[in-house]
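Colleague: Below you'll find the structure I mean.
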Amino acid sequence: MIASLRTVTGPLPVSAVRGPVLAHEHLALDLTRATDRAASLGAEHATAVAGELSGLRERFGLSLVVELTCRGMGRDLSTLARISRASGVAVVAGTGWYHEAFHPAEVTGASVAELTDVLIEEITGGPDGGGVLPGVIGEVGSHGRAPSGPEARTLTAAARAAVATGLSLATHAQLGRGGRAQLELLTAAGLAPDRISIGHQDLLDDPTVHRELAAAGAYVAFDTVGKERYQSDATRLRLLVALLEAGHADRVLLSCDISRHGYLVGEGGQGYGHLFRSFLPRVRAAGADEELIDLLTRRNPLRFLTGGDGAAGPAAARQLAGQPDSAPVSDSGPVPRCGPVPGTGGQSGQGALT
């Protein structure tokens, strides 16, 4: 188990993370294309971003953001460090390659071995950005039911780099599709499933897939909370409850995936705090107690990042309020049960998930 996290401002003891963690966010990125000029969070937005994080630290105790902007996504490590210092919230930076539409030229024609070496050198030596070292690999991506040839190479290289460096790996599964294929490819490259988070699963209305991923040992990321254009939060809640009832509370990660300036509160968006202000109250209303909320928002992401039990200590019973003690047992103790959650609805959007 890793005892400290690599953040953009230096090592941070895992035990210092006492509040919730946003497991998949973007604080500085550029995904703009000719068809989409607004998919950015530039240096000019850094003050607004830091202000939001600072407010969440003060109100909800936000302790850490896992920032999954990687190579080819307009990553800006110096801006991440500035945001972290200004907000008082620790930030873990990512590396790797997003899905094929955003692959930089360095991927073209490069072998898996060459791509692996690029990541290992970056992780161990520090990329441009004032010596800031990545603390996670991700979000490494694919965009269909199975990775394309270039995506298979970048995913395999990412898995090999993760094994070599001890970092965990988070994926981008476009609209939630292809998670099983990603997990198969990554584990075939030698990466343990408990060091893998399969992304955007809240966009896939298929509880069977979620259960299969969790049962295999991977983390299942419900990481686009609040993006109603792609999926309603009512559906997200239903899918989350189903996964909890199936005994997999210890394999859930939650976040909002803020990925353009229009999502910032100051521009009328839901902001980074939507999870805390809107979604978690609905999870509590479904019967979750504070120990379960802590598991979902702090202990799980710490275990994902470190390969251990984070700052959680011995696992304890985690049940939805008012339920009997006969809940099914998983690796981390009894898992909550709850009744049906009203509201389904919501359709996945089309195009890039921004």
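Colleague: If I filter region 115-126 for residues that are touching a strand residue (DSSP E or B) at 6+ places or on another chain (Cβ under 9 Å) and outside any helix (DSSP H, G or I), do I get at least one hit? Quick ask: steps written out before the conclusion?
Modeller: Here is the first cut: in region 115-126, the residues touching a strand residue (DSSP E or B) at 6+ places or on another chain (Cβ under 9 Å) are 115, 118-119, 122-123.
Cutting the leftovers down to outside any helix (DSSP H, G or I) gives us none.
No, because not a single residue in region 115-126 is touching a strand residue (DSSP E or B) at 6+ places or on another chain (Cβ under 9 Å) and outside any helix (DSSP H, G or I).
Colleague: Sort through 19, 94, 88 and tell me the only one that's open to solvent by 20 Å² or more (accessible area, probe 1.4 Å) and either of a type outside the set (A, V, I, L, M) or farther than 24 Å from residue 275 by Cα (or both). Walk me through it before giving the result.
Modeller: Values: 19 fails: open to solvent by 20 Å² or more (accessible area, probe 1.4 Å); 94 fails: open to solvent by 20 Å² or more (accessible area, probe 1.4 Å).
Result of the check over 19, 94, 88: 88.
Colleague: Moving on. Need pairs with beta-carbon distance below 7 Å; first residue without any contact (Cβ under 8 Å) to a residue 40 or more places away in the chain and within region 4-17, second of a type in the set (A, V, I, L, M) and open to solvent by 50 Å² or more (accessible area, probe 1.4 Å); sequence gap 6+ or separate chains.
Modeller: The qualifying pairs are 13/3.
Colleague: Which of the following residues is touching a Leu at 6+ places or on another chain (Cβ under 8 Å) and at pLDDT 50 or above: 286, 311?
Modeller: Working: 311 fails: at pLDDT 50 or above.
Within the list 286, 311, the selection yields 286.
Colleague: Same structure again: Just name the residue that is farthest from the chain's Cα centre (by Cα) out of those in region 148-190 that are part of a helix (DSSP H, G or I) and among the charged types (D, E, K, R).
Modeller: Step one: of region 148-190, the residues part of a helix (DSSP H, G or I) are 149-165, 174-176, 179-188.
Keeping just the survivors that are among the charged types (D, E, K, R) gives 151, 153, 160, 180, 184.
Details: 151: 19, 153: 21, 160: 20, 180: 17, 184: 19 Å.
Among residues in region 148-190 that are part of a helix (DSSP H, G or I) and among the charged types (D, E, K, R), the one farthest from the chain's Cα centre (by Cα) is 153.
Colleague: Residue check, residue 102 against (1) touching a residue at least 40 places away in the same chain (Cβ under 8 Å); (2) surrounded by 19 or more Cβ atoms within 10 Å (Cβ to Cβ); (3) of a type outside the set (A, V, I, L, M); (4) touching a helix residue (DSSP H, G or I) at 6+ places or on another chain (Cβ under 9 Å), all met but one. Which one?
Modeller: Against the list (1) touching a residue at least 40 places away in the same chain (Cβ under 8 Å); (2) surrounded by 19 or more Cβ atoms within 10 Å (Cβ to Cβ); (3) of a type outside the set (A, V, I, L, M); (4) touching a helix residue (DSSP H, G or I) at 6+ places or on another chain (Cβ under 9 Å), residue 102 comes up short only on (4).
Colleague: Okay, moving on. Please return the ranges of helices (runs of 4 or more DSSP H) entirely within region 244-311 where 3 or more residues are surrounded by fewer than 23 Cβ atoms within 10 Å (Cβ to Cβ). Quick ask: steps written out before the conclusion?
Modeller: Values: elements: 280-285, 290-294, 300-306.
Output list reads 280-285, 290-294.
Colleague: Does residue 58 satisfy the criteria of being free of Cβ contacts under 8 Å to residues at least 24 places away in the same chain and either open to solvent by 10 Å² or more (accessible area, probe 1.4 Å) or not charged (D, E, K, R) (or both)? Let's see the steps before the verdict.
Modeller: Working: free of Cβ contacts under 8 Å to residues at least 24 places away in the same chain: yes; either open to solvent by 10 Å² or more (accessible area, probe 1.4 Å) or not charged (D, E, K, R) (or both): yes.
Spelling it out, residue 58 is indeed free of Cβ contacts under 8 Å to residues at least 24 places away in the same chain and either open to solvent by 10 Å² or more (accessible area, probe 1.4 Å) or not charged (D, E, K, R) (or both).
Colleague: Among the residues of region 204-222, what is the count of those that are open to solvent by less than 10 Å² (accessible area, probe 1.4 Å) and without any contact (Cβ under 8 Å) to a residue 24 or more places away in the chain?
Modeller: 0
Colleague: Then there is this: Check region 106-113 and report whether any residue there is of a type in the set (Val, Ile, Thr), closer than 17 Å to residue 68 by Cα, out of contact with any Pro (no Cβ under 7 Å at 6 or more places or on another chain) and not in a strand (DSSP E or B).
Modeller: Of region 106-113, the ones of a type in the set (Val, Ile, Thr) are 107-108, 112.
Checking the rest, the ones that are also closer than 17 Å to residue 68 by Cα come to none.
No; the residues of region 106-113 include none that is of a type in the set (Val, Ile, Thr), closer than 17 Å to residue 68 by Cα, out of contact with any Pro (no Cβ under 7 Å at 6 or more places or on another chain) and not in a strand (DSSP E or B).
Colleague: Something else now. Polar (S, T, N, Q) and surrounded by 24 or more Cβ atoms within 10 Å (Cβ to Cβ): is that true of residue 148 in this structure? Let's see the steps before the verdict.
Modeller: Numbers: polar (S, T, N, Q): yes; surrounded by 24 or more Cβ atoms within 10 Å (Cβ to Cβ): no.
Judged against the criteria, residue 148 is not a match.
Colleague: Filter region 105-114 down to residues that are open to solvent by 50 Å² or more (accessible area, probe 1.4 Å), touching a strand residue (DSSP E or B) at 6+ places or on another chain (Cβ under 8 Å) and of a type in the set (A, V, I, L, M, F, W, C), then give me how many there are.
Modeller: 0
Colleague: Do we have residue 177 as surrounded by fewer than 24 Cβ atoms within 10 Å (Cβ to Cβ), in contact with a strand residue (DSSP E or B) (Cβ under 9 Å, 6 or more places away or on another chain) and either on the phi > 0 side of the Ramachandran plot or not hydrophobic (A, V, I, L, M, F, W, C) (or both) here?
Modeller: Working: surrounded by fewer than 24 Cβ atoms within 10 Å (Cβ to Cβ): yes; in contact with a strand residue (DSSP E or B) (Cβ under 9 Å, 6 or more places away or on another chain): yes; either on the phi > 0 side of the Ramachandran plot or not hydrophobic (A, V, I, L, M, F, W, C) (or both): yes.
Yes.
Colleague: Return only the number of the condition from (1) closer than 22 Å to residue 175 by Cβ; (2) among the basic types (Lys, Arg); (3) modelled with pLDDT of 95 or more that residue 33 does not satisfy.
Modeller: Looking at each condition in turn, residue 33 falls short on (3).
Colleague: Also, quick follow-up: Kindly list, by first and then second residue, each pair from a residue in region 266-288 that is more than 15 Å from residue 224 (Cβ to Cβ) to a residue that is among the polar types (S, T, N, Q) and part of a loop (DSSP other than H, G, I, E, B), limited to pairs with Cβ atoms under 7 Å and residues at least 6 apart or on different chains.
Modeller: That search, which allows pairs on different chains as well, returns 287/323.
Colleague: Taking the condition of being in contact with a strand residue (DSSP E or B) (Cβ under 7 Å, 6 or more places away or on another chain), among the acidic types (Asp, Glu) and open to solvent by less than 50 Å² (accessible area, probe 1.4 Å), how many residues in region 22-55 meet it?
Modeller: Summing the residues that are in contact with a strand residue (DSSP E or B) (Cβ under 7 Å, 6 or more places away or on another chain), among the acidic types (Asp, Glu) and open to solvent by less than 50 Å² (accessible area, probe 1.4 Å) in region 22-55 gives 1.
Colleague: Further, regarding this structure: Answer with yes or no whether residue 228 is of a type in the set (Asp, Glu), modelled with pLDDT of 95 or more and more than 23 Å from residue 300 (Cβ to Cβ). Write out each step before concluding.
Modeller: On the way: of a type in the set (Asp, Glu): yes; modelled with pLDDT of 95 or more: yes; more than 23 Å from residue 300 (Cβ to Cβ): yes.
Answer is yes for this residue.
Colleague: Moving on to the next point. Determine whether residue 87 is under 19 Å from residue 258 (Cα atoms) and at pLDDT 95 or above. Lay out the reasoning, then the answer.
Modeller: Details: under 19 Å from residue 258 (Cα atoms): yes; at pLDDT 95 or above: yes.
Yes; evaluated as a whole, the condition is true for this residue.
The values are calculated or read from the model by the stated rules, or taken from the named source; none is laboratory data. Everything numeric in this text was worked out from a predicted model, so none of it was measured. All Cβ positions, even for glycine, are placed from backbone atoms using ideal geometry, and neighbour counts span all protein chains on display. The area values use the complete protein model at the heavy-atom level, side chains included, leaving out ligands, DNA and RNA. Shrake-Rupley method; radii C 1.70, N 1.55, O 1.52, S 1.80 Å.
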